[in-house]
Amino acid sequence: MRTFTCVCGNPVYFQNSVCQHCGHSLGFLPDQLQIAAIEAVGDGLYRQWQNYRFAQVCNWLKAADESSCCRAFQFNETIPVLSVVVNQARWYRVEEAKRRLLYTLYGLGLPVVGRDRDATRGLCFAFLVDAVAGQKVYTGHDDGLITINVAEADDSRREQIRESLGKRYRTLLGYFRHEIGHYYWDRSIDRSSWLPEFRALFGDERVDVRPPTRRLVAHGAVHQRHQPQPGLARPLSVCARCAGSRQALFHPSGAGAGGAAPRTSPRHQRGRQRGFSAGPFFVLRRVA
């Protein structure tokens, strides 16, 4: 597992923006995949994006000459209404999972094409909430758009879903890993020369091999539990086989993102930023 270190020698973690030992501000450099200690100067190489300085949900830096947002936020199409207090903590967790996904993709050298380069099929995220009128938001992928219901950032709700589906493993980051697989299927496999080889290895994705009682109900909201007959193996759909392969790749890769920091609240973890009154430009003190 990869770890990061502050200039003072204290271990720091992927989501940290302040070293709890020496108080240095920290920032993540997506072009170098590194956590760096930073100091404020009048004219530096990097700048904090507003989600770092004000919303305190992101620690990624951007080049000082870039006018756009950081490389993490640029993929967002929709975020929840933050005036609703419960959405603030949910959005924080969703953004953290998204950044871990992007860290894995950049680390593996996979192409990450956004809507700024491909307006119809580029990658983007919509973080939505269920409507008051009862209209449900379902997590899924559609031509590069990955929709996440931010309520799934609540551990209790996600555990209820896991139990209802009979799953052993279900995490917020797992949602992102699963849906990004559909994105790369569309860009790399579908309608390409790789499609025959893919079908020979995984099967024909056009054929649903699951029994009728196992199929999705209400657009993926509910599974009907299917009990196979004794002695018969449960068939796996092409989607399930591919998802298993993606998880086998992404899970150990993503685990190297500096581990998990001790569980602290966003306010405690980033609270020292509120007293950081220097200008918006920074110079790297050291890249650990």
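Before moving on, here are some points about what is shown:
- Scan of the stretch 133-156 for residues that are touching a helix residue (DSSP H, G or I) at 6+ places or on another chain (Cβ under 8 Å), of a type in the set (D, E, K, R) and farther than 18 Å from Glu95 by Cβ, ordered by number: Asp143
- Screening Arg168 against (1) touching a Pro at 6+ places or on another chain (Cβ under 8 Å); (2) open to solvent by 40 Å² or more (accessible area, probe 1.4 Å); (3) not aliphatic (A, V, I, L, M) leaves a single unmet condition, (1).
- Residues that are touching a residue at least 60 places away in the same chain (Cβ under 8 Å) and not in a strand (DSSP E or B), drawn from the stretch 60-75: Ala64
- Selection from the stretch 163-195 of residues that are at pLDDT below 85 and of a type in the set (Lys, Arg): Lys167, Arg168, Arg170, Arg191
- Candidate set from the stretch 166-192 (those that are part of a loop (DSSP other than H, G, I, E, B) and of a type in the set (Gly, Ala, Ser)); member that is farthest from Arg93 (Cα to Cα): Ser192
- Checklist (1) closer than 21 Å to Glu96 by Cβ; (2) open to solvent by less than 40 Å² (accessible area, probe 1.4 Å) applied to Arg157, failing item: (2)
- Unmet criterion (only one of (1) under 26 Å from Gln56 (Cα atoms); (2) in contact with a strand residue (DSSP E or B) (Cβ under 7 Å, 6 or more places away or on another chain); (3) open to solvent by less than 20 Å² (accessible area, probe 1.4 Å)) for Arg115: (3)
- Test result for Arg121, part of a loop (DSSP other than H, G, I, E, B) and in contact with an Asp or Glu (Cβ under 9 Å, 6 or more places away or on another chain): yes
- Any hit, the stretch 20-39, residues being open to solvent by 30 Å² or more (accessible area, probe 1.4 Å), farther than 19 Å from Ile148 by Cα, in a strand (DSSP E or B) and at pLDDT 85 or above: yes
- Matching residues, the stretch 1-19, being of a type in the set (Phe, Trp, Tyr) and in a loop (DSSP other than H, G, I, E, B): Tyr13, Phe14
- Unique match (being under 15 Å from the mean Cα position of the chain (by Cα) and open to solvent by 40 Å² or more (accessible area, probe 1.4 Å)) among Gly107, Gly181: Gly107
- Filtering the stretch 7-19 to residues that are of a type outside the set (Phe, Trp, Tyr) and either more than 18 Å from Arg71 (Cα to Cα) or open to solvent by less than 10 Å² (accessible area, probe 1.4 Å) (or both) leaves Val7, Cys8, Gly9, Asn10, Pro11, Val12, Ser17, Val18, Cys19.
Yes/no matrix, rows are residues, columns are (1) assigned to a strand (DSSP E or B); (2) closer than 21 Å to Phe28 by Cβ:
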position	(1), (2)
Trp91	no, yes
Arg100	no, yes
Phe125	yes, yes
Ser156	no, no
Gln160	no, no
Ser164	no, no
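- Leading residue by the ranking (most open to solvent (accessible area, probe 1.4 Å)) among those in the stretch 56-73 that are over 15 Å from Leu29 (Cα atoms) and touching an Asp or Glu at 6+ places or on another chain (Cβ under 9 Å): Ser68
- Test: residue in the stretch 88-96 that is over 25 Å from Gln32 (Cβ atoms), among the basic types (Lys, Arg) and surrounded by 20 or more Cβ atoms within 10 Å (Cβ to Cβ): yes
- Only one of Ser188, Ser193 that is over 30 Å from Gln32 (Cβ atoms), out of contact with any strand residue (DSSP E or B) (no Cβ under 6 Å at 6 or more places or on another chain) and open to solvent by 30 Å² or more (accessible area, probe 1.4 Å): Ser193
The values are calculated or read from the model by the stated rules, or taken from the named source; none is laboratory data. Since the structure is predicted, the reported quantities are computational estimates derived from the model, not experimental observations. All Cβ positions, even for glycine, are placed from backbone atoms using ideal geometry, and neighbour counts span all protein chains on display. Please note that ligands, DNA and RNA were not included when accessible areas were found on the heavy atoms of the full protein model with its side chains. Shrake-Rupley method; radii C 1.70, N 1.55, O 1.52, S 1.80 Å.
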